[in-house]
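Novice: Following this message is one structure expressed as structure tokens.
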Amino acid sequence: MNKPSSARRARRLKRQRKSQILTRLGIMFLVMLLIGAVLLIIALKAPDSAAASMDALADDDPYLGPADAPVVIVEFSDYLCPYCGKFYWETLPQILETYPEQVKFVHRDFILMGNDSYQALMAAGCAYDQDKYWEMNDQLFSVYQDMDIDSIDHSKPPDRRGPHPFHDSFSEEKLVAYAQTVGLDMEAFNTCLAEEQTGAEVTSDHEAAQDLGIGSIPVYIVNGQTVMGYLPFEEFQPYIERALAEAHQ
């Protein structure tokens, strides 16, 4: 009698252990399923978070392209930066032509060369207030349009090179001439510049760049990817393609 009873107990214990193992496996499966669901939700939310971050970075600054483009390029630039001008005339037109609906290009200010830079950036801001920002941009960057940028001596930091070689291109007289060329209301422009009405925006942009650790320009942030320095279109394009691919995942 003892042997059958022992056998039954053994079978019962075996069933209990099996049941416990299955219960544990079931719990582990449910936990893994829950973790997977949470990770999926995070993954689905990530693009929105990235987009929100780029929207904040773009601020309310002037831009080209669709407002809701999947790729946002935020540029930190200055008119006394030759390679910023080179990018503006050579690389940017190809970007806008190749990606007319996919790219939003945003300009933000960086004060590279002290007061000359500050005045030129403010002048562009005054033109922005009259809805003529990009026309003024053309004028301010015109000095670099047909220039061999690579011939400039870049061996020293900008603040140690002495006067900018195109200092006269950014004098107050020149800024006024540029404003007249693009057809601004000159009384409003002169008041704007004299009272530094756009100075706070210029300073805010510069401080935003410093907060990002930017110390030299040009710098381009492409959907969170940082591109340092001038690049021709062929070398810049992969950053856009990568951002597009990630945006459509």
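Read the figures in this text as sums done on the coordinates, not as results from a lab. This one's a predicted model, so the numbers in the text were calculated from it and none came from an experiment. Glycine also receives a Cβ, built like all others from the backbone with ideal geometry; neighbour counts cover every protein chain displayed.
Novice: Which GluC sites (Glu not before Pro) from segment 62-127 combine a DSSP loop assignment with at most 12 other Cβ atoms within 10 Å?
Specialist: Counting only loop positions with at most 12 other Cβ atoms within 10 Å, the GluC sites (Glu not before Pro) in segment 62-127 are E101.
Novice: Considering only DSSP beta bridges with both partners in segment 59-247, what is the antiparallel share in %, to the nearest 5?
Specialist: Taking every DSSP beta bridge within segment 59-247, about 60 percent pair in antiparallel fashion.
Novice: For E90, put the label point 7 Å out on the Cα→Cβ axis and report which residues of segment 222-249 keep their amide N under 19 Å from it.
Specialist: Flagged as within label range: 227-240.
Novice: Same structure, new question: Tell me the trypsin sites (Lys or Arg not before Pro) within segment 67-115 that lie in a loop according to DSSP and have at most 10 other beta-carbon atoms within 10 Å.
Specialist: none
Novice: With r as the distance between the Cβ atoms of D148 and Q197 and R0 = 30 Å, compute the FRET efficiency 1/(1 + (r/R0)^6) and round to 0.05.
Specialist: 0.25
Novice: A follow-up question, please. What percent antiparallel are the DSSP beta bridges of segment 60-144, to the nearest 5?
Specialist: 20
Novice: Along the Cα→Cβ direction, 7 angstrom out, place labels at E187 and E173. What is the inter-label distance in nm?
Specialist: My value for the distance between the label points is 2.6 nm.
Novice: Loop-only check: which chymotrypsin sites (Phe, Trp or Tyr not before Pro) in segment 73-113 are DSSP coil with at most 15 other Cβ within 10 angstrom?
Specialist: none
Novice: If I take the Cα coordinates of segment 59-247 and project them onto the principal axes, what are the three extents in Å, biggest first?
Specialist: Principal extents (largest minus smallest coordinate, Cα): 47, 38, 33 Å.
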